[in-house]
Amino acid sequence: MAPALHVIAGPGPGQLATMAHPRDEPWSPQELGALARAGVQVLVSSAESGPDTAGIEVVPFPAPARSSPPSATETRQEANQVVALAVRLAREVRAGRFVVTQSAADNGRSTLLATMTLALLGIRPGEALRRTGSPADIAPDWLYDFVATHG
């Protein structure tokens, strides 16, 4: 059975989608095969993929494993990694590839990444938030600042 994709309308020529998948549950060959048949070419995931990725490029999106609040340095490093990943995903969508960001139920990182990617593709911040379907997960002021800095 194929996991449900939330395909986000974008400027193309590629596609961007988000999907839920437990972070601690590895991808099965059947799930990856179903995603490949749906046309997915790049999957950003915090879950392990195993050796058979069905031809999908699996890009790691490591979830922070912390028991205490992050330091300012850790927060800055993680933010830089997410920005670099959003820049890469925008480039992939512009190149015509179908990109999916996977999230776990306990965080909004996939939505954040998708929203940032849309902003880099030229979608206005408010519209990017609307298209991802979860505006409550992301502080709009932060997104406007991101666009002002990286747009």
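The values are calculated or read from the model by the stated rules, or taken from the named source; none is laboratory data. This is a predicted model, so every value here is computed, not measured. Because the Cβ atoms are built from the backbone with ideal geometry, glycine has one as well, and the counts that use them run over all protein chains shown.
If the condition is being aliphatic (A, V, I, L, M), modelled with pLDDT under 75 and closer than 16 Å to Pro11 by Cβ, then the stretch 121-151 contributes only Val147.
Suppose we filter the stretch 6-39 for residues that are closer than 18 Å to Leu121 by Cβ and in contact (Cβ under 8 Å) with a residue 24 or more places away in the chain; how many remain?
Within the stretch 6-39, the first condition is being closer than 18 Å to Leu121 by Cβ, and the residues that meet it are 6-18.
Now restrict to residues that are in contact (Cβ under 8 Å) with a residue 24 or more places away in the chain: 6, 8-18.
Residues meeting the conditions: 12.
Take Pro64 and tell me if it is at pLDDT below 90, within 26 Å of Thr149 (Cα to Cα), not in a helix (DSSP H, G or I) and not polar (S, T, N, Q). Here the answer is yes, as Pro64 does meet what is asked. Just to be sure, is Ala34 at pLDDT 90 or above, of a type in the set (Gly, Ala, Ser), within 18 Å of Leu113 (Cβ to Cβ) and part of a helix (DSSP H, G or I)? Spelling it out, it is not the case that Ala34 is at pLDDT 90 or above, of a type in the set (Gly, Ala, Ser), within 18 Å of Leu113 (Cβ to Cβ) and part of a helix (DSSP H, G or I).
Just checking, does the stretch 10-23 include any residue being modelled with pLDDT of 90 or more and more than 21 Å from Leu112 (Cβ to Cβ)? Yes; the residues of the stretch 10-23 include at least one that is modelled with pLDDT of 90 or more and more than 21 Å from Leu112 (Cβ to Cβ). Among the residues making up the stretch 27-56, those that are under 20 Å from Arg109 (Cβ atoms) and surrounded by 14 or more Cβ atoms within 10 Å (Cβ to Cβ) are Trp27, Glu31, Leu35, Val40, Val42, Leu43, Val44, Ser45, Ser46, Ala47, Ser49, Ile56.
Exactly one residue among Leu43, Leu118, Leu85 is in contact with a strand residue (DSSP E or B) (Cβ under 6 Å, 6 or more places away or on another chain) and either at positive phi or at pLDDT 80 or above (or both), and that residue is Leu43. Residues in the stretch 41-55 that are assigned to a loop (DSSP other than H, G, I, E, B) and not aliphatic (A, V, I, L, M): Gln41, Ser46, Glu48, Ser49, Gly50, Pro51, Asp52, Thr53, Gly55. Can you tell me which condition Val82 does not meet? The list is (1) part of a loop (DSSP other than H, G, I, E, B); (2) surrounded by 12 or more Cβ atoms within 10 Å (Cβ to Cβ); (3) touching a Lys or Arg at 6+ places or on another chain (Cβ under 8 Å), and all the others hold. Evaluating Val82 over (1) part of a loop (DSSP other than H, G, I, E, B); (2) surrounded by 12 or more Cβ atoms within 10 Å (Cβ to Cβ); (3) touching a Lys or Arg at 6+ places or on another chain (Cβ under 8 Å) leaves (1) as the failure.
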